[in-house]
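Asks: Before anything else, here's the structure in question.
The values are calculated or read from the model by the stated rules, or taken from the named source; none is laboratory data. On a predicted model such as this, the values are computed, not experimentally measured, just so you know. All Cβ positions, even for glycine, are placed from backbone atoms using ideal geometry, and neighbour counts span all protein chains on display. Heads up: the accessible areas ignore ligands, DNA and RNA and are worked out on the full protein's heavy atoms, side chains in. Shrake-Rupley method; radii C 1.70, N 1.55, O 1.52, S 1.80 Å.
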Amino acid sequence: MNKIATICPYCGCGCGLYLHVENNTIVGVSPVRNHLVNKGSLCVKSWNCFEFVHHPDRLKYPLIKEKNGAFRRASWDEALRLVAARLLEIRKSSGPDSISIVSSAKSTNEENYVMMKFARAVIGTNNIDHCARLCHSSTVGGLADSFGSGAMTNSINEIVHAKLLFVIGSNTTEQHPMIGMHMLDAVDRGAVLIVADPRKTQIAGLAQFHLRHRPGTDVALLNGIMNVIIDDRLVDIPFVKRRTEKFDSFRALITKYPPEAVERITGVSAQDIKKVARLYATEKKAMLFYSMGITQHTTGVDNVCACANLTMLTGHIGLPMTGLNPLRGQNNVQGACDMGALPNVYSGYQEIRDPKSRKKFEMAWKVKLPRDPGLTLMEMFNGVLKGDTKALYIMGENPAVSNPDVTHTVNALKKLDFLVVQDIFLSDTAEYAHVVLPAATFAEKDGTFTNTERRVQKISAAIEPVGESKPDWEIICALSREMGYDLNYRATHEIMEEIALLTPIYRGILHHRLEGDSGLQWPCPSATHPGTPFLHRKKFAKGFGTFMPVDYVPPAEMPDSEFPFILTTGRTCFHYHTRTMSRRTSTLERECPECLIEINPSDADSLQIKHMNVVRVSSRRGVLTGRVYITENTPGGVVFMPFHFGEAPVNMLTNPALDPSAKIPEYKVCAVRIELIK
Amino acid sequence: MKKNLIMDKNYLSYWLRQIRKTMSLIAPMRLKNADIVFKQVDNIHEIELDCPASLPSPKEFLLPQKEYMFRFSKNSVDVLKDCTKRLIFGVRSCDISAIDLMDRFFGEKFVDEYYMSRRENTVFISIVCNNPDPTCFCIGLGTGPFLKSNFDIQLTDLGDRYLVETGSKQGADLIRGYSHLFSRPKKSDYDDQYEVILSSQSKFEKRISLENTRQKILNEKINDLFWDWIARRCFECGGCVYACPVCTCFNVVDRMEQEGDGYRFRIWDACMFKGFTRMAGNVWPAEKKGSRIKQRYFHKLLYYPDHFGRFGCVGCGRCTITCPGHVDMATIAHRIDVGDRRRR
């Protein structure tokens, strides 16, 4: 038996684990003990992360859809030739911007870089985006405005030394379990834990203060806290004076949010707001964490800016054990953003509008590059229905379950002239594809993942690719050669070299520096630089930190007499996103085989619903049925549903209303009606 | 059968190299990141004996996390029993004690052939442990740091030589034909072994009495609130069960590849999961996390002694290492024992 050290393919924690290999088959997994993140522990998904690799459903060869709608097996040659010919044809007839690319937060940095290069240099479009649009685009946008860099500012290892942890909109122990572990360690050492979440999650149960604000009232809550801090003269005046700008207009706005008024909006008592404000402001080592509860709103950017304002107001940034820490969802969503799989930036957040960076990439890639930012994820699907987008290339994503208002997305997928899906399984999205290309999983390829704390870590192939599947980067390179652009790399470390050359924040990150170690945290500007554990030391990335005055705006859709409940969505600890991997893992699927609709006992009583009854949930966009799980953990007037299940696609109900600047949809709040099916 | 010999340390690599010609050699190895894992040995000089406990335990060689059982088609079955000959070298006493329990479990009444096939082809060389980790507590259980019986071969490090104790026929087979490597022990060798054991016993930081804990559970009613309070910190990762060298639970899964063709495998399961005891009609007999934790500890501390006369815990400390919420055997047993059942 051999043991190959690699990184878990599930969440953004980036835990180290060993894959146990016997006869080219993975037979087990175990945690890396000397890993900075997981320290010998793993969550249930990680402990079972190998089973889907050998599942019989794996795509083992390319598929082409026949006229009768059935897939047939094809050779790589035939499939790639068909994809190349169709993409070239559509580019010729409708222009490069009629093609859009969806990259993947599950794929490695190298693959995202190659995909980004393929979109821009080979197709000639900036229409490239990925699922970060649906989780943390508001972080990337909001923190770029406030600080100049949209990433977790501090490190996971600092958590245990912190004295106060303020967690807002994150179910940390279930969704980032190993970060939750560090938080528990800090609490054991006497740290104060404050959790703001409408639901009573596990971590909320361990908190000294649990603020149960109404869904979508985060800005009001944070503004109320800052109002108390300003009133009580707890502002870090030297920090605000030396390092920030636009404080005065911000202060004027905050006076509108006395705690008593905030209590009426949020439902959190003024007393608690005052206590929490005083605790957070007076404790030097105070870390602020947030996740989807902040970002997935039409006011996502506002929420993020409010968090940023709070850290600047108290000077809790630019030092160890402080900072603003967005917890990224996917194993490599940070990396996919870093690699420029976004419509407006190249790798390392170099603006495509900036002629200097464009010129640099044009010289390196020896091709003229498009000048205008491309379409975001939701705009791509809207573009299909408008007739502007003709072809879509989707790598390792499943928008037919994950997009809001999926009926709309499925209509778009059906309408496309040409859809290529590159995945490890025949996902719900792949069913609509014209060509399906089989990709290799994390266990079958080399490369790097970047975790939520900007730590770039090496993954290593444990087994040969299953069937005829290939790593994503090899597929893209072969396709681009078919299309007449010679994307040619012999191995992933060659791609990393090119990334380092063109990306200042990754300049010192090379594969040989990552072997047998816990990786490097960007920015890493030179080959001898040890990496950066915390950002914005002495100076913000953009110079001065900017106070962005943000007003409370209610969610786009509020309950009314027709749809009296707020539906909020999220995940469970046993499944991952659209379940393509976790449903093919026996233990995980057994634990959580169906979508359960969580509802408060008082609401269940008034609707005369009993535990495990089947109900119909409807919104203005769709209807679905499911069983009810009655629990105190969900507040009154709110129902919670996980979005994992294609069988009960909660995103048929969700509101596709977007944040005006980040274009993130409002997954966390929409209005629904519940009826018992008799 | 029991035979004691002395071997010069310099001969160890020669001896192992010879044995490796007839079977697969597995031993603790230090990886680049300083982790200790049991894996196939490429270079005998890289074997680490002076090291912390491995994670996971060597249980994975007898009951792998995922084990293919058979392939089937419409009219045939192909049984996939593992018959690889293995020598697992450098195992700790606690792990050997755990394997003894697993032998009893899998060999009692219904004989598990998959386990037995691996077990009969595996021979262990254990080592008297002279560097217990801060998490170890085998000393209170009699499962370590050295064994009096139930081993194949036990080595004691006496500085420049090993005291080699043979305790089984498989062990004796490993020695046969290599008499030129061994000499007869002198009285001073036994004195030295005694010193090693004393020194080891003095190094234990944790003193946990599972017997006291058992008595407390039997004689004082432990309120369910205690278990619920413990459960607040449980992440439901299953790590305590997966890492435990004594736990044997598995689930059986069939996967169809094509019409009529497929395979069956078993995979580690855990009583800490709600679905482990799920019944038809969405009924979970142990729906609360606290009741599952209680069941697990009752099994290890009450039902195991009733059935096997020994605790279902060998004090290896792996649950202490792997539990993200720090609600492991040592912590829980200690809390029950000293009566610290306060809510914090």
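Asks: Taking A:MET380 and the conditions (1) in contact with a Gly (Cβ under 8 Å, 6 or more places away or on another chain); (2) open to solvent by less than 10 Å² (accessible area, probe 1.4 Å), which numbered condition does it fall short on, given that it satisfies the others?
Replies: Failing condition for A:MET380: (1).
Asks: Another question about this same structure. Taking the range A:58-96 on its own, how many of its residues are more than 14 Å from chain B (Cβ to nearest Cβ) and within 30 Å of B:ASN251 (Cα to Cα)?
Replies: Summing the residues that are more than 14 Å from chain B (Cβ to nearest Cβ) and within 30 Å of B:ASN251 (Cα to Cα) in the range A:58-96 gives 0.
Asks: Also: Working only within the range B:268-277, note down all residues that are surrounded by fewer than 21 Cβ atoms within 10 Å (Cβ to Cβ) and facing chain A (nearest Cβ under 8 Å).
Replies: So the first thing to find is which residues in the range B:268-277 are surrounded by fewer than 21 Cβ atoms within 10 Å (Cβ to Cβ), and the list is B:271, B:274-275, B:277.
Those that are surrounded by fewer than 21 Cβ atoms within 10 Å (Cβ to Cβ) and facing chain A (nearest Cβ under 8 Å): B:LYS274, B:GLY275.
Asks: Filter the range A:123-167 for residues that are over 15 Å from the mean Cα position of the chain (by Cα) and either open to solvent by 10 Å² or more (accessible area, probe 1.4 Å) or of a type in the set (D, E, K, R) (or both) and give the result.
Replies: A:GLY124, A:ALA144, A:ASP145, A:GLY148, A:SER149, A:ASN157, A:GLU158, A:VAL160, A:HIS161, A:LYS163, listed by residue number.
Asks: Here is a list: A:LEU413, A:LEU392. Which entry is assigned to a strand (DSSP E or B) and open to solvent by less than 10 Å² (accessible area, probe 1.4 Å)?
Replies: Values: A:LEU413 fails: assigned to a strand (DSSP E or B).
Among A:LEU413, A:LEU392, only A:LEU392 is assigned to a strand (DSSP E or B) and open to solvent by less than 10 Å² (accessible area, probe 1.4 Å).
Asks: Further question on the same structure: Would you confirm, using the coordinates I've provided, whether A:ARG579 is more than 14 Å from chain B (Cβ to nearest Cβ) and closer than 30 Å to B:CYS234 by Cα?
Replies: Yes: the conditions hold for A:ARG579.
Asks: On to the next question. Being without any contact (Cβ under 8 Å) to a residue 12 or more places away in the chain and either on the phi > 0 side of the Ramachandran plot or among the aliphatic types (A, V, I, L, M) (or both) is true for just one of A:ALA500, A:ALA527. Which residue is that?
Replies: On the way: A:ALA527 fails: without any contact (Cβ under 8 Å) to a residue 12 or more places away in the chain.
Criteria check complete, one pass: A:ALA500.
Asks: Restricting to the range B:322-344, count the residues that are more than 19 Å from B:THR248 (Cα to Cα) and open to solvent by 10 Å² or more (accessible area, probe 1.4 Å). Write out each step before concluding.
Replies: Our first condition is that a residue be more than 19 Å from B:THR248 (Cα to Cα); within the range B:322-344, this holds for B:324-327, B:330-344.
Restricting the remaining residues to those that are open to solvent by 10 Å² or more (accessible area, probe 1.4 Å) gives B:326-327, B:331, B:334-335, B:337-344.
The qualifying residues number 13.
Asks: For the range B:124-154, enumerate the residues that are surrounded by fewer than 21 Cβ atoms within 10 Å (Cβ to Cβ) and not in a loop (DSSP other than H, G, I, E, B).
Replies: Once the filter is applied, which keeps residues that are surrounded by fewer than 21 Cβ atoms within 10 Å (Cβ to Cβ) and not in a loop (DSSP other than H, G, I, E, B), the range B:124-154 yields only B:GLY140.
Asks: Take the residues in the range A:2-57 that are among the polar types (S, T, N, Q) and over 22 Å from the mean Cα position of the chain (by Cα), then tell me which one is farthest from the other protein chains (Cβ to nearest Cβ). I'd like the intermediate steps shown before the answer.
Replies: Taking the range A:2-57 as the starting set, the residues that turn out to be among the polar types (S, T, N, Q) are A:2, A:6, A:23-25, A:30, A:34, A:38, A:41, A:46, A:48.
With over 22 Å from the mean Cα position of the chain (by Cα) added as a condition, the list becomes A:2, A:23-25, A:30, A:34, A:41.
On the way: A:ASN2: 6, A:ASN23: 10, A:ASN24: 13, A:THR25: 8, A:SER30: 5, A:ASN34: 5, A:SER41: 4 Å.
Restricting to residues being among the polar types (S, T, N, Q) and over 22 Å from the mean Cα position of the chain (by Cα), the top hit is A:ASN24.
Asks: Could you go through the range B:219-229 and let me know if any residue there is in the same structural domain as B:PRO134 (by TED's automatic domain parsing), basic (Lys, Arg) and not in a strand (DSSP E or B).
Replies: Taking the range B:219-229 as the starting set, the residues that turn out to be in the same structural domain as B:PRO134 (by TED's automatic domain parsing) are none.
Scanning the range B:219-229, I find no residue that is in the same structural domain as B:PRO134 (by TED's automatic domain parsing), basic (Lys, Arg) and not in a strand (DSSP E or B), so the answer is no.
Asks: Name the strands (runs of 3 or more DSSP E) wholly inside the range B:1-55 in which the number of residues that are within 12 Å of chain A (Cβ to nearest Cβ) and not small (Gly, Ala, Ser) is 2 or more.
Replies: On the way: elements: B:3-8, B:24-30, B:36-40.
The strands (runs of 3 or more DSSP E) meeting that bar are B:24-30, B:36-40.
Asks: Further, regarding this structure: Just one of B:PHE276, B:PHE298 is without any contact (Cβ under 8 Å) to a residue 40 or more places away in the chain and either among the aromatic types (Phe, Trp, Tyr) or assigned by TED's automatic domain parsing to the domain that holds B:CYS94 (or both); which is it? Show your work before the answer.
Replies: Values: B:PHE298 fails: without any contact (Cβ under 8 Å) to a residue 40 or more places away in the chain.
Step by step, each of B:PHE276, B:PHE298 is checked, and only B:PHE276 is without any contact (Cβ under 8 Å) to a residue 40 or more places away in the chain and either among the aromatic types (Phe, Trp, Tyr) or assigned by TED's automatic domain parsing to the domain that holds B:CYS94 (or both).
Asks: Only residues in the range A:44-57 that are over 17 Å from B:ARG264 (Cβ atoms) count as the first member; pair them with residues that are surrounded by fewer than 24 Cβ atoms within 10 Å (Cβ to Cβ) and of a type in the set (Asp, Glu), Cβ under 7 angstrom, at least 6 apart or cross-chain, and list the lot.
Replies: A:VAL44/B:GLU236
Asks: Can you tell me which residues in the range B:56-71 are more than 8 Å from chain A (Cβ to nearest Cβ) and either part of a helix (DSSP H, G or I) or in contact with a Gly (Cβ under 6 Å, 6 or more places away or on another chain) (or both)?
Replies: B:PRO58, B:LYS59
Asks: Scan the range B:187-197 and give yes if some residue there is in a helix (DSSP H, G or I), within 14 Å of chain A (Cβ to nearest Cβ), of a type outside the set (Val, Ile, Thr) and open to solvent by 30 Å² or more (accessible area, probe 1.4 Å), otherwise no. Give the steps one after another, and end with the answer.
Replies: So the first thing to find is which residues in the range B:187-197 are in a helix (DSSP H, G or I), and the list is B:187-197.
Subset that is within 14 Å of chain A (Cβ to nearest Cβ): none.
Among the residues of the range B:187-197, not one is in a helix (DSSP H, G or I), within 14 Å of chain A (Cβ to nearest Cβ), of a type outside the set (Val, Ile, Thr) and open to solvent by 30 Å² or more (accessible area, probe 1.4 Å), which makes the answer no.
Asks: Here is a check on your reading of the model: is B:GLY90 more than 30 Å from A:HIS54 (Cβ to Cβ), out of contact with any Gly (no Cβ under 6 Å at 6 or more places or on another chain) and open to solvent by 50 Å² or more (accessible area, probe 1.4 Å)? Steps first, answer last, please.
Replies: Numbers: more than 30 Å from A:HIS54 (Cβ to Cβ): yes; out of contact with any Gly (no Cβ under 6 Å at 6 or more places or on another chain): yes; open to solvent by 50 Å² or more (accessible area, probe 1.4 Å): no.
No.
Asks: Please enumerate the residues belonging to the range B:294-334 that are over 15 Å from the mean Cα position of the chain (by Cα) and within 14 Å of chain A (Cβ to nearest Cβ).
Replies: Applying the first criterion (over 15 Å from the mean Cα position of the chain (by Cα)) to the range B:294-334 yields B:294-299, B:301-309, B:323-328, B:330-334.
Of everything in the range B:294-334, those that are over 15 Å from the mean Cα position of the chain (by Cα) and within 14 Å of chain A (Cβ to nearest Cβ) turn out to be B:CYS323, B:PRO324, B:GLY325, B:HIS326, B:VAL327, B:ASP328, B:THR331.
Asks: In this structure, does A:LEU82 turn out to be open to solvent by 10 Å² or more (accessible area, probe 1.4 Å) and modelled with pLDDT of 95 or more? So that I can check it myself, show each step before the final result.
Replies: Numbers: open to solvent by 10 Å² or more (accessible area, probe 1.4 Å): yes; modelled with pLDDT of 95 or more: yes.
So A:LEU82 passes the test.
Asks: Output the residues belonging to the range A:526-543 that are exposed (fewer than 15 other Cβ atoms within 10 Å of the Cβ) and within 28 Å of A:HIS511 (Cβ to Cβ).
Replies: Within the range A:526-543, A:SER526, A:ALA527, A:THR528, A:PRO530, A:ARG537 meet the criteria.
Asks: Quick one: would you say A:THR625 is crowded, with 22+ Cβ neighbours inside 10 Å and either in a strand (DSSP E or B) or touching a residue at least 12 places away in the same chain (Cβ under 8 Å) (or both)? Outline the logic, then answer.
Replies: Working: crowded, with 22+ Cβ neighbours inside 10 Å: no; either in a strand (DSSP E or B) or touching a residue at least 12 places away in the same chain (Cβ under 8 Å) (or both): yes.
No.
Asks: Check whether at least one residue in the range A:212-220 is among the hydrophobic types (A, V, I, L, M, F, W, C), within 23 Å of A:TYR10 (Cβ to Cβ), at pLDDT 95 or above and in the same structural domain as A:LYS284 (by TED's automatic domain parsing), and report yes or no. Talk me through it step by step, then tell me what you get.
Replies: Narrowing the range A:212-220 to residues among the hydrophobic types (A, V, I, L, M, F, W, C): A:219-220.
From what's left, within 23 Å of A:TYR10 (Cβ to Cβ): none.
Within the range A:212-220, none of the residues are among the hydrophobic types (A, V, I, L, M, F, W, C), within 23 Å of A:TYR10 (Cβ to Cβ), at pLDDT 95 or above and in the same structural domain as A:LYS284 (by TED's automatic domain parsing).
Asks: For the range B:170-186, which positions are part of a helix (DSSP H, G or I) and either more than 17 Å from B:PHE151 (Cβ to Cβ) or free of Cβ contacts under 8 Å to residues at least 24 places away in the same chain (or both)? Don't jump to the end; show me each part of the working.
Replies: Filtering the range B:170-186 for residues part of a helix (DSSP H, G or I) gives B:170-175, B:179-181.
Of everything in the range B:170-186, those that are part of a helix (DSSP H, G or I) and either more than 17 Å from B:PHE151 (Cβ to Cβ) or free of Cβ contacts under 8 Å to residues at least 24 places away in the same chain (or both) turn out to be B:SER179, B:HIS180, B:LEU181.
Asks: Only one residue in A:MET226, A:MET312 is assigned to a helix (DSSP H, G or I) and more than 27 Å from the chain's Cα centre (by Cα), so which one is that?
Replies: On the way: A:MET312 fails: more than 27 Å from the chain's Cα centre (by Cα).
Only one candidate passes the filter, namely A:MET226.
Asks: Let me ask something else about it. Tally the residues that are buried (at least 22 other Cβ atoms within 10 Å of the Cβ) and acidic (Asp, Glu), restricting the search to the range B:93-123.
Replies: So the answer is 1.
Asks: Condition first: under 14 Å from B:CYS247 (Cα atoms) and buried (at least 16 other Cβ atoms within 10 Å of the Cβ). Can you find one or more residues in the range B:64-85 that meet it? If you could, list the steps in order and put the result at the bottom.
Replies: Narrowing the range B:64-85 to residues under 14 Å from B:CYS247 (Cα atoms): B:64-65.
If we keep only those that are buried (at least 16 other Cβ atoms within 10 Å of the Cβ) too, we end up with B:64-65.
Checked the range B:64-85: at least one residue is under 14 Å from B:CYS247 (Cα atoms) and buried (at least 16 other Cβ atoms within 10 Å of the Cβ).
Asks: Which count do you get for residues in the range B:278-312 that are open to solvent by less than 60 Å² (accessible area, probe 1.4 Å) and in contact with a strand residue (DSSP E or B) (Cβ under 9 Å, 6 or more places away or on another chain)?
Replies: Count: 1.
Asks: Looking at the range B:234-251, which of the residues that are facing chain A (nearest Cβ under 10 Å) and touching a Ser or Thr at 6+ places or on another chain (Cβ under 9 Å) is most open to solvent (accessible area, probe 1.4 Å)?
Replies: For the range B:234-251, the residue satisfying everything is B:ASN251.
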